[in-house]
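The structure appears below as structure tokens.
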Amino acid sequence: MERDFLLKDLNEAQREAVSAPRGNMLIIAGAGTGKTRVLVSRIAWLTGIEQISPRNILAMTFTNKAAAEMRDRVGAIMAGTDMRAMWVSTFHSACLRIMRQHVRRCGLSPDFTVIDTAGQKQLVKRIEQDLKISTTDFKPAQVASGISRLKEQGRRSDKISDIKYKDEFSLVVQKIYPVYELTCERENIVDFSEIILRTVETLRRDEELRGLLNRHFTEILVDEFQDTSPLQYELLELMRGPQGHVWAVGDDDQSIYGWRGADYRNMENFLKDFPDVHKVALTRNYRSGQYILDTANALIDNNSKRLVDKHLMSNTGKGERVTIVQQSNQTFEANYVVMSIKQLLNKGVSPSEIAILYRNNSLSQTIEGELASNGIRYTVYGGLKFFERAEINDAAAYLTVLFNPKNDTALLRIINTPSRKIGPKVVTQLRSIARERKCSVYEALKLAVEYGSKKESPAVLKTLARKVSGVFDLIETVKSDIESFDSLHECVDYVINKTGLMDYYKLKDEKEGRGKLDNQRQENLGELVNIAANFEETHPDEAAKPMNEALLEFLSSVALAASTELTENGNGNSPEEAVNLMTIHASKGLEFRDVFVIGFENGILPSPYAEKQISQDEERRLAYVAITRARKHLWLTFCSRRMVYGRTDPTGPSPFLHEIISSFSGIKPAKRPFEVFL
Ligand code: ATP
Ligand code: MG
């Protein structure tokens with residue numbers, strides 16, 4: 001591999017970052033300055049020039065999509081080198097993989113399963129019901145995220161007594177948390193935040209494992225470092241051995257996950273905590289024209305606590321002026337955006353080069369309707385969450401029960417789906433057997449069937465056995481059948497059909513009539529089979545494992561794929577010919593030729609829920625992320641009135657827009673970086 005080849009298209013600072021001697025390194029640089037690009041080149045440099053084996057490299061990025069792209073890009077530069085042994089993934093997938101490989105050391109049994117937010121919600125709901133806590137006053141979703149926040153702060157349920165918050169909601173969370181923890185333990189399940197927390201806890205105490213990983217990963221690279229949480233930061237400290245290095249890139253101005261525990265000050269700490277950190281700043285922006293960057297600079301200058309004052313300078317000239325547009329309501333706004341998109345398409349711009357960004361998912365609806373009625377294809381990322389659909393959750397629950405029968409949540413979900421005349425009374429009976437015997441509901445089911453078939457058994461038990469023997473036999477049959485399968489997607493297909501799930505939803509679809517929204521449950525189940533087939537292609541090693549392990553890997557991977565990365569139909573890749581719709585959060589790190597940020601509006605951006613000054617700054621960073629996604633043309637639109645939850649409220653421009661406009665108030669309109677249409 002030639003040095004010149006690897007450095008040829010890079011500027012001086014980028015070259016320095018790519019070719020620096022092995023060591024700890026931090027690159028703090030603004031949006032579009034080539035951080036991700038440099039990270040990819042650095043990996044190629046390490047393998048090609050420094051002769052580091054790909055197996056000693058761990059690269060962590062923010063999304064699975066970004067990880068896949070990174071792997072492809074390194075693969076393209078390093079054609080011929082086998083990159084399979086290199087770990088390129090998100091923090092969560094990397095930790096999950098460590099947990100699977102060292103499952104006993106992590107205090108888990110090998111068949112543990114991962115639950116996603118929907119599963120977590122169900123679990124909390126069940127606990128609330130058991131504890132007689134109102135599920136309407138204390139919404140399971142909110143309680144579940146309260147628990148996640150505590151875990152993200154590294155707090156176990158026995159470490160919450162010093163928590164200051166004593167309001168009613170926090171007290172409920174604190175009451176449910178220990179039960180939740182015990183239930184997860186018993187049912188052999190882990191949630192998202194558990195993945196990071198448990199790995200960190202294990203590494204803290206297990207010196208041997210730490211040594212093993214330290215020797216394994218001598219070079220750790222991190223993209224989007226500003227969004228790491230203190231726990232993730234500690235993970236990096238634990239994973240880096242005496243001979244190892246962490247090479248990180250980030251932009252404090254783009255830190256947008258503070259609400260989920262991220263802390264951009266990790267970048268400052270990094271300089272103190274890691275030895276001999278080499279610092280590089282990248283200053284040229286290669287993505288956008290100067291007009292877009294001036295708009296971005298004007299906005300972010302209003303944030304006071306910035307680590308580094310960065311002023312984005314374009315490498316490509318002034319470019320096109322930013323278009324700021326007011327419309328009277330969201331229908332007109334949608335109409336305006338779609339008309340503008342039509343003009344772009346007529347000019348030959350590819351739809352996949354166009355993005356519509358918004359602060360909240362709920363803003364996409366009107367625009368979706370308008371796009372559809374104009375026959376423009378579009379893809380919504382993380383809109384209707386595929387893996388939160390009932391039918392998909394049912395299928396996942398069946399698959400889970402097959403190899404983790406201890407998972408009561410999964411079993412109770414499908415015990416009567418499709419309907420088997422197993423009512424709440426039967427479920428209560430089973431659960432009380434489980435409680436008495438201190439066993440799982442599945443074991444209770446087994447006991448009921450075994451003893452209930454005996455002549456001398458009491459009548460209640462016999463009746464119970466009669467009611468549940470069907471479902472028990474079914475699960476046992478499917479379990480033994482799938483052992484002979486060697487293709488993952490065929491196995492998924494088989495399970496969906498054999499359990500009657502497919503027929504059940506087919507009938508439901510037909511009954512409710514086509515054309516109704518959300519009436520494609522059959523297709524969705526079919527899509528799950530496609531996703532399994534896709535998994536076989538992208539994860540050949542995992543898919544080649546024995547079927548139960550392969551299924552476990554598959555299920556974990558689907559549970560992990562953050563909702564933001566998935567399109568409405570569960571597909572992680574955007575189709576070539578579709579306009580992209582996503583939240584600003586989901587757009588981080590991406591770029592598009594033309595970007596429309598809709599609802600740049602008072603009451604929306606900043607979010608009214610972000611009242612504190614700190615969160616105001618974070619909202620401003622969010623707006624900054626949105627603005628800096630555009631390569632060629634940027635539109636910021638807002639309405640004077642907007643219908644929210646059936647009420648029409650006067651809105652008007654976002655205060656951020658005032659900040660932008662007022663910073664150019666002394667300058668003639670023709671010289672400003674934007675044009676305003678009111
Ligand atoms: P963000 O902060 O949004 O994640 P980033 O700093 O990671 O941005 P990249 O996505 O790596 O920036 O790069 C932005 C764009 O600039 C990409 O299209 C990239 O290919 C291009 N680019 C970066 N460096 C150069 C260069 N030296 N020459 C030409 N194009 C470049
Ligand atoms: Mg990037």
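The values are calculated or read from the model by the stated rules, or taken from the named source; none is laboratory data. Keep in mind it's a predicted model, so treat the numbers as computed, not measured. Glycine gets a Cβ as well: all are built from the backbone with ideal geometry, and neighbour counts include every protein chain shown.
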*Pick from the stretch 217-236 the residues that are within 16 Å of ligand 1 (Cβ to nearest atom) and part of a strand (DSSP E or B): which of them is farthest from Asn56 (Cα to Cα)?*
Val222
*So how many residues does the stretch 282-308 have that are over 29 Å from the mean Cα position of the chain (by Cα) and within 15 Å of ligand 1 (Cβ to nearest atom)?*
4
_If I ask for residues that are over 29 Å from Asn497 (Cα atoms) and under 41 Å from the mean Cα position of the chain (by Cα), which ones from the stretch 435-487 would you list?_
Arg435, Glu436, Arg437, Lys438, Cys439
_Need pairs with beta-carbon distance below 6 Å; first residue farther than 20 Å from Ile660 by Cβ and within the stretch 321-350, second among the charged types (D, E, K, R) and surrounded by fewer than 17 Cβ atoms within 10 Å (Cβ to Cβ); sequence gap 6+ or separate chains._
Asn329/Arg641
_I need the full set of residues from the stretch 255-294 which are within 24 Å of Arg629 (Cα to Cα), charged (D, E, K, R) and not in a helix (DSSP H, G or I), in order please._
Asp263, Arg265, Arg284, Arg287
*asked:* So, in the stretch 61-83, exactly how many residues are in contact with a strand residue (DSSP E or B) (Cβ under 6 Å, 6 or more places away or on another chain) and within 13 Å of ligand 2 (Cβ to nearest atom)?
replied: 2
_Cβ-Cβ distance below 6 Å, separation of 6 or more or different chains: which pairs start in the stretch 118-135 with a residue that is part of a helix (DSSP H, G or I) and end on one that is among the hydrophobic types (A, V, I, L, M, F, W, C)?_
Gln120/Ala144; Lys121/Ala141; Lys121/Ala144; Val124/Val143; Val124/Ala144; Ile127/Ile176; Ile127/Val179
_Is it the case, given these coordinates, that Leu96 is away from ligand 2 (no atom under 16 Å from the Cβ), surrounded by 21 or more Cβ atoms within 10 Å (Cβ to Cβ), modelled with pLDDT of 95 or more and within 27 Å of the chain's Cα centre (by Cα)?_
no
*Restricting attention to helices (runs of 4 or more DSSP H) lying wholly within the stretch 473-548, give those where 1 or more residues are at pLDDT below 85 and either out of contact with any Cys (no Cβ under 7 Å at 6 or more places or on another chain) or within 24 Å of Ala68 (Cα to Cα) (or both).*
501-512, 521-538, 540-543
*Residue check: is Ser53 polar (S, T, N, Q), more than 11 Å from ligand 1 (Cβ to nearest atom) and over 30 Å from Asn188 (Cα atoms)?*
yes
*Within the stretch 626-676, how many residues are in a loop (DSSP other than H, G, I, E, B) and of a type in the set (Val, Ile, Thr)?*
3
*asked:* Could you tell me how many of the residues in the stretch 14-37 are at pLDDT 95 or above, among the hydrophobic types (A, V, I, L, M, F, W, C) and more than 7 Å from ligand 1 (Cβ to nearest atom)?
replied: 6
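Can you tell which of Lys279, Lys272 is surrounded by fewer than 20 Cβ atoms within 10 Å (Cβ to Cβ), touching a residue at least 40 places away in the same chain (Cβ under 8 Å) and more than 16 Å from ligand 2 (Cβ to nearest atom)?
None of the others qualify; the one that does is Lys279.
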*asked:* Can you find a residue that is modelled with pLDDT of 90 or more, in a loop (DSSP other than H, G, I, E, B), among the hydrophobic types (A, V, I, L, M, F, W, C) and closer than 21 Å to Val597 by Cβ anywhere in the stretch 299-312?
replied: yes
*If you take the residues in the stretch 1-57 that are more than 13 Å from ligand 2 (Cβ to nearest atom) and among the β-branched types (Val, Ile, Thr), which one is surrounded by the fewest Cβ atoms within 10 Å (Cβ to Cβ)?*
Ile49
*Restricting to helices (runs of 4 or more DSSP H) lying wholly in the stretch 319-428: which have 1 or more residues that are over 26 Å from Asn524 (Cβ atoms)?*
330-346
_I'd like to check something: does the stretch 601-618 contain any residue that is within 16 Å of ligand 1 (Cβ to nearest atom) and within 10 Å of Arg359 (Cβ to Cβ)?_
no
*So which of Thr477, Thr538, Thr499 ends up being surrounded by fewer than 15 Cβ atoms within 10 Å (Cβ to Cβ) and touching a residue at least 60 places away in the same chain (Cβ under 8 Å)?*
Thr538
_Please verify whether Ala448 is within 24 Å of Leu412 (Cα to Cα) and surrounded by 14 or more Cβ atoms within 10 Å (Cβ to Cβ), treating the condition exactly as stated._
yes
*Among the numbered criteria (1) crowded, with 18+ Cβ neighbours inside 10 Å; (2) in a loop (DSSP other than H, G, I, E, B); (3) modelled with pLDDT of 90 or more, which single criterion is violated by Gly570?*
(3)
_Selection status of Glu207, more than 25 Å from Asn302 (Cα to Cα), touching a helix residue (DSSP H, G or I) at 6+ places or on another chain (Cβ under 6 Å), charged (D, E, K, R) and away from ligand 1 (no atom under 16 Å from the Cβ)_ = no
*asked:* Here's a check for you: in the stretch 65-80, which residue that is out of contact with any helix residue (DSSP H, G or I) (no Cβ under 6 Å at 6 or more places or on another chain) and more than 16 Å from ligand 1 (Cβ to nearest atom) is nearest to Leu221 (Cα to Cα)?
replied: Gly75
_Test: Leu108 is crowded, with 23+ Cβ neighbours inside 10 Å and closer than 13 Å to Val190 by Cα_ = no
*Restricting attention to the stretch 583-622, which residues are over 22 Å from the mean Cα position of the chain (by Cα), more than 24 Å from Gln326 (Cβ to Cβ) and assigned to a loop (DSSP other than H, G, I, E, B)?*
Glu611, Lys612
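Per-residue answers, yes or no, for (1) closer than 23 Å to Arg620 by Cβ; (2) within 16 Å of ligand 1 (Cβ to nearest atom); (3) loosely packed, with under 15 Cβ neighbours inside 10 Å:
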position: Lys310; (1), (2), (3): yes, yes, no
position: Met313; (1), (2), (3): yes, yes, yes
position: Thr316; (1), (2), (3): no, yes, no
position: Arg321; (1), (2), (3): yes, no, no
position: Gln326; (1), (2), (3): yes, no, no
position: Met339; (1), (2), (3): no, no, yes
position: Gln343; (1), (2), (3): no, no, yes
*asked:* Against the definition (within 23 Å of Thr283 (Cβ to Cβ) and either at pLDDT 95 or above or away from ligand 1 (no atom under 14 Å from the Cβ) (or both)), how does Gly48 come out, yes or no?
replied: no
